[in-house]
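Below is one structure; the comments refer to it alone.
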There are 2 protein chains.
Amino acid sequence: MSNQPKVVAFQGERGAYSEAAAVSYFGRNINPLPCASFEAVFEAVVQGQARQGIIPIENSLAGSIHRNYDLLLRYNLTIVGEVQLRVAHQLMVLPGVAPANVQRIYSHPQALAQCERSITAHFPHAERVTTYDTAGSAKMLREQNITAGAAIAGQRAAEIYDMEILRRDFEDNPENYTRFLIIAPEPVAPRSEAKTSIVFSMRNAPGALFKSMAVFALRDIDLTKIESRPWQGKRWQYMFYLDFIGSQEQPHCRNALNNLQEITGFLRILGSYDREV
Amino acid sequence: MSNQPKVVAFQGERGAYSEAAAVSYFGRNINPLPCASFEAVFEAVVQGQARQGIIPIENSLAGSIHRNYDLLLRYNLTIVGEVQLRVAHQLMVLPGVAPANVQRIYSHPQALAQCERSITAHFPHAERVTTYDTAGSAKMLREQNITAGAAIAGQRAAEIYDMEILRRDFEDNPENYTRFLIIAPEPVAPRSEAKTSIVFSMRNAPGALFKSMAVFALRDIDLTKIESRPWQGKRWQYMFYLDFIGSQEQPHCRNALNNLQEITGFLRILGSYDREV
């Protein structure tokens, strides 16, 4: 079995940005398992169809993906790695299709919106056609042999569906990054500078958040992410997402977590993993 | 002029959730101005076509809308109010269309995804058709007289396009809330419990965030939101989004802001406004 490529579950069609992130993290010798939903990614790992899963957790333009934090709390999996990917949109066609033939541009509405100015500048008369998925729009052009259209998707979708890239890096704003997490049933021991992700809740008596920051500041532990999320219908109740530098196995981090446990209502350690540099 | 309904700019088609939020905040006697993009909402207010604008800033499932924080920093407008709306998706058809006739279901992919289980349960054979906009899908059914399909959009879209609601509250997860901000050229004086939104940046020397929390904790000022956002390409540089209870005109808040200014590289007060209770 160990010679078989590792199965990695991701959400989307073959060629999706999540698959590109998996290849960037694991290398090309993986067996990517496309899943219809984020929940299906977690299920595939829990049930053993995949060794690991990859999920987007925050995007530089769109923010944190709370849905995946919810699933991290619901499933008993652990974070074992992280990888950041620049979301570079490529405008692609079936090989040989000329720009003048592009009457329709197919993609997910978010990708179409992120390329709005480029479309208007280069294809002022093209009709926008919305699809479920960026990679899925390339797949559709290939399967239905659509020669009067172009798709907006990632480089990897162009490779998988054998499309020709007509315009590279077609997005209006290149500062579009997504951070992905690798999830697995068992924790790993970080080998380089480690990062730990936790979720906790507090009732916001004045200064409660300040106290929780103090347990890290007192031990010179750096935070790389802090985010509050209100609990709907519960005024003054918050969940906090926090990432810090260090592994839960290191004594000063262990002490900080024990200290935090004393003052929070709920605390869950989502995992310690190598920090991407 | 004062008898004319106030013009309020929002992003989306007539009947969008942003328009529903505007009606919830201002009442029915407004003149809603649909805009093609968030940027166009800001422009409409800056150029005086609209008195105020309304923008979504965070969603309970999808997180903060960083794009609108970016625009708040770019434009010289101020926040004058907030309103929270439950995103309740309605499945609607042209009047008289029976459930058995629904062969296609039209909506924005996010809305289709949020109703996935309901669609599968009630319309197992329906094809999903993605559109740009939830309200836009209702508009399309009306304009093209599509009787073999249903649209997923908000109650207000049903009213505007005279659609019949076939299934109410069709979403899988009712805990879907969006918080909207009202933006205007001039600040207002809050009349009840106030909230203030700020953005600041810090270089993350260990404990830097802790120090910035201290300026509020020392004055017993409650925080209702804190979120870090990494600056791409600048390791250890962060923007922070913070909301606290109180108005910038109150002395203890003014002192906290002056104190924060001493220790941050960049600080912008986005506005003080009545807190929605």
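The values are calculated or read from the model by the stated rules, or taken from the named source; none is laboratory data. Treat the numbers as computed from the prediction; the structure is a model and nothing was measured. Positions of Cβ are backbone-derived with ideal geometry, glycine not excepted, and every protein chain shown enters the neighbour counts.
Report yes if B:Phe180 is without any contact (Cβ under 8 Å) to a residue 24 or more places away in the chain and either assigned by TED's automatic domain parsing to the domain that holds B:Glu43 or more than 27 Å from the chain's Cα centre (by Cα) (or both), otherwise no. No: the conditions fail for B:Phe180.
Among the residues of region B:137-146, the one identified as surrounded by fewer than 23 Cβ atoms within 10 Å (Cβ to Cβ) and within 14 Å of chain A (Cβ to nearest Cβ) is B:Met140. Number of residues in region A:173-188 that are under 14 Å from B:Arg229 (Cβ atoms) and either at pLDDT 95 or above or part of a strand (DSSP E or B) (or both): the value is 3. Determine if region A:49-69 includes at least one residue that is within 14 Å of chain B (Cβ to nearest Cβ), among the small types (Gly, Ala, Ser) and farther than 19 Å from B:Asn59 by Cα. No, region A:49-69 has no match at all.
One residue stands out in region A:118-134 among those that are hydroxyl-bearing (Ser, Thr, Tyr) and assigned to a helix (DSSP H, G or I): the one that is farthest from A:Phe10 (Cα to Cα), namely A:Thr120. In region A:247-277, of all residues being part of a helix (DSSP H, G or I) and of a type in the set (A, V, I, L, M), the one that is modelled with the lowest pLDDT corresponds to A:Ile263. The single condition among (1) touching a strand residue (DSSP E or B) at 6+ places or on another chain (Cβ under 7 Å); (2) within 14 Å of chain A (Cβ to nearest Cβ); (3) not acidic (Asp, Glu) that B:Arg117 does not satisfy is (1).
So, in region A:167-177, exactly how many residues are touching a Lys or Arg at 6+ places or on another chain (Cβ under 8 Å) and surrounded by 18 or more Cβ atoms within 10 Å (Cβ to Cβ)? Counting residues in region A:167-177 that are touching a Lys or Arg at 6+ places or on another chain (Cβ under 8 Å) and surrounded by 18 or more Cβ atoms within 10 Å (Cβ to Cβ) gives 1.
One line per residue, one yes/no per condition, for (1) touching a Gly at 6+ places or on another chain (Cβ under 8 Å); (2) modelled with pLDDT of 95 or more:
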| position | (1), (2) |
| --- | --- |
| A:Ser60 | no, no |
| A:Gly63 | yes, no |
| A:Arg67 | no, no |
| A:Thr78 | yes, yes |
| A:Gly81 | no, yes |
| A:His89 | yes, yes |
| A:Leu94 | no, yes |
| A:Val102 | yes, yes |
| A:Gln110 | no, no |
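Only residues that are acidic (Asp, Glu) and more than 14 Å from chain B (Cβ to nearest Cβ) were counted across region A:147-201, and they come to 5. Cβ separations smaller than 7 Å between residues 6+ apart or across chains give the following pairs from region A:208-225 residues that are more than 7 Å from chain B (Cβ to nearest Cβ) and within 20 Å of B:Asp220 (Cβ to Cβ) to residues that are assigned to a loop (DSSP other than H, G, I, E, B) and not aromatic (Phe, Trp, Tyr): A:Ser212/A:Thr264. Contact annotation: no residue pair with Cβ atoms under 9 Å, 6 or more positions apart or on different chains, pairs a residue in region B:247-262 that is not assigned by TED's automatic domain parsing to the domain that holds B:Leu223 with a partner that is of a type in the set (Val, Ile, Thr). Just wondering, is there one or more residues in region B:135-150 that are assigned to a strand (DSSP E or B) and modelled with pLDDT of 95 or more? Yes.
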